[in-house]
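One structure is given below, encoded as structure tokens.
The values are calculated or read from the model by the stated rules, or taken from the named source; none is laboratory data. Just so you know, these numbers come straight off a predicted model, no measurement behind them. Glycine also receives a Cβ, built like all others from the backbone with ideal geometry; neighbour counts cover every protein chain displayed. Side chains included, ligands, DNA and RNA excluded: accessible areas come from the protein's heavy atoms. Shrake-Rupley method; radii C 1.70, N 1.55, O 1.52, S 1.80 Å.
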Amino acid sequence: MMTNLFSVFDPSAIFNFSLNWLSTFLGLLMIPSIYWLMPSRYNIMWNSILLTLHKEFKTLLGPSGHNGSTFIFISLFSLILFNNFMGLFPYIFTSTSHLTLTLSLALPLWLCFMLYGWINHTQHMFAHLVPQGTPAILMPFMVCIETISNIIRPGTLAVRLTANMIAGHLLLTLLGNTGSSMSYMLMTFLLMAQIALLVLESAVAMIQSYVFAVLSTLYSSEVN
């Protein structure tokens with residue numbers, strides 16, 4: 001049972017390389033085609049979402065942030081959102097449910113922020129280790145706590161996204177596997193529960209991609 005339950009997260013390897021990971025890049029084929037078509041309400045809605053995110057990320061970055069900086073986090077949001085939504089379709093591999101992808105996104109960003117901050121703003125980074133108003137006797141402990149909290153940031157970013165994707169897909173898999181042994185009345189309620197859970201997972205897919213992008217933006221603003 002456990003093997004079948006988690007088999008949806010196991011990419012089948014072909015020639016020592018899983019072709020399921022190519023689903024991560026399907027957006028490169030599908031999204032650009034939108035902008036070659038006539039403007040539609042979906043295109044206008046997506047552009048308004050991107051413009052809203054641009055303004056919000058610009059506010060989070062502060063006066064030191066450049067206009068081009070927001071496009072990095074908007075692209076990150078779009079990539080995660082697309083993969084989260086694609087994973088809700090049957091027989092499509094959910095790449096964001098693996099630490100291989102999420103940690104590959106979070107760790108390089110965090111390393112770049114830390115290297116940039118410690119090289120160009122060394123005094124600010126040292127001052128950030130001790131919050132303002134901390135008693136002198138607690139300063140060594142606060143340095144240790146702040147250091148640990150900075151080190152685990154890429155891990156928390158990656159694990160948060162992965163855990164939320166795994167939890168929702170496990171619930172959908174569990175409900176789908178129990179339908180064959182139920183009566184018609186119970187199957188009706190089960191179908192309604194699956195539809196409600198699918199709507200909830202769609203909301204989780206949007207929220208988690210937004211949280212990942214916003215936290216990355218906040219980590220970037222701290223080193224400026």
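What list of ³J(HN,Hα) couplings, whole Hz, do you get for the stretch 79-86 from phi and the Karplus terms 6.51, -1.76, 1.60, once you set θ to phi - 60° and write x for glycine and proline?
Coupling constants for the stretch 79-86: 5, 5, 4, 5, 5, 5, 6, 5 Hz.
For a quick check of understanding: with a 1.4 angstrom probe and all protein chains in place, what accessible area in square angstrom does His128 have, to the nearest ten?
60 Å²
Run the 1.4 Å probe and let me know the accessible area of Met187, rounded to the nearest 10 Å².
80 Å²
For a test of the definition: using alpha carbon positions, the gyration tensor, and the 1.5 limit on a/c, classify the stretch 55-188 as rounded, prolate or oblate.
Here the stretch 55-188 falls in the prolate category.
Would you mind computing, in nm to one decimal, how far apart the modelled labels at Gln132 and Leu111 are, each placed 7 Å from Cα along Cα→Cβ?
Modelled inter-label distance: 3.4 nm.
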